[in-house]
1. If you rank 59, 129 by fewest surrounding Cβ atoms within 10 Å, what's the result?
2. Give, in nm to one decimal, the length gained when the segment between residue 62 and residue 100 is fully stretched (0.36 nm per residue of separation minus the Cα-Cα distance).
3. For residue 63, list long-range residues whose amide hydrogen, built 1.01 Å from N in the peptide plane, is under 5 Å from its own amide hydrogen.
4. Just to check I understand the Karplus step: with θ = phi - 60° and J = 6.51 cos²θ - 1.76 cosθ + 1.60, what whole-Hz values come out for segment 31-47, glycine and proline as x?
5. If R₀ is 25 angstrom, what is the calculated FRET efficiency for the pair residue 127 and residue 43, using the beta carbon separation as r and rounding to 0.05?
6. Of 36, 156, 42, how do they rank once you tally other Cβ atoms within 10 Å and put the fewest first?
7. For residue 30 and residue 55 in one chain, what is 0.36 nm times their gap in residues minus the Cα-Cα distance, to one decimal in nm?
Amino acid sequence: MVVAAVAGLRIDKTEVSAGRDEYTSGFRKHLYATAIAVLVLILSGSFIVGAGAGSSCATWPLCRGSLFPEGGAFALHMGHRYIAAIVGLMVIGAAAIAWKQRSVSHSMGVAGLILLGLFILQILAGAATVWSGFSADLKATHLSLATLLWMALVHIIALVIVPAWSDSQERATLTNV
């Protein structure tokens, strides 16, 4: 739905030059890798909850005062945190590159800022979830922010893969069909 929304809104006279060819293959590869990593992170969070380890580490950022706590549930929970740290660096990188692309596309710069903002909120929500004793409201907020972060990343990918059209380009394309 995010890609369809971007495609429907890409008729923008101010960003006609922005399109698939304007972005480097390195940026694209980083975005795709980051999307896969975010999906793995979301699935790891679901896995630890399903395994009953979702609330095993009652302290943050360490678990039971340790980087490597003993016990299966504790190790699973910390594994999710380690994955989050690695994926977080990738998300920050994607947001920074998107921000730098604002000269090609203002929308890309804004999308990068939104991605970074959601990531920061997600970290705070994750920490607050632990500090609150795993309140249901904060767990729901953490999951909702993960979904929004995923959508923001897909939005950036869509801005890269869906070309922008001007009104005149669209008319010419439609009349040639």
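Bear in mind that the values in this text are calculations on the coordinates, not laboratory data. As the structure is a computational prediction, the values presented were derived from the model and not from experiment. Here the Cβ is made from the backbone with ideal geometry for all residues, glycine too, and neighbour counts use every protein chain on show.
1. Details: 59 12, 129 22.
Neighbour counts put them in this order, fewest first: 59, 129.
2. Values: separation 38, 0.36 × 38 = 13.68 nm, distance 3.37 nm.
Roughly 10.3 nm would be gained on extension.
3. none
4. My calculation for segment 31-47 gives 4, 5, 4, 5, 4, 4, 5, 5, 4, 4, 5, 4, 5, 5, x, 5, 4 Hz in order.
5. Working: r = 21 Å, r/R0 = 0.84.
Calculated value: 0.75.
6. Result, fewest neighbours first: 36, 42, 156.
7. The residue 30-residue 55 span can extend by a further 5.8 nm.
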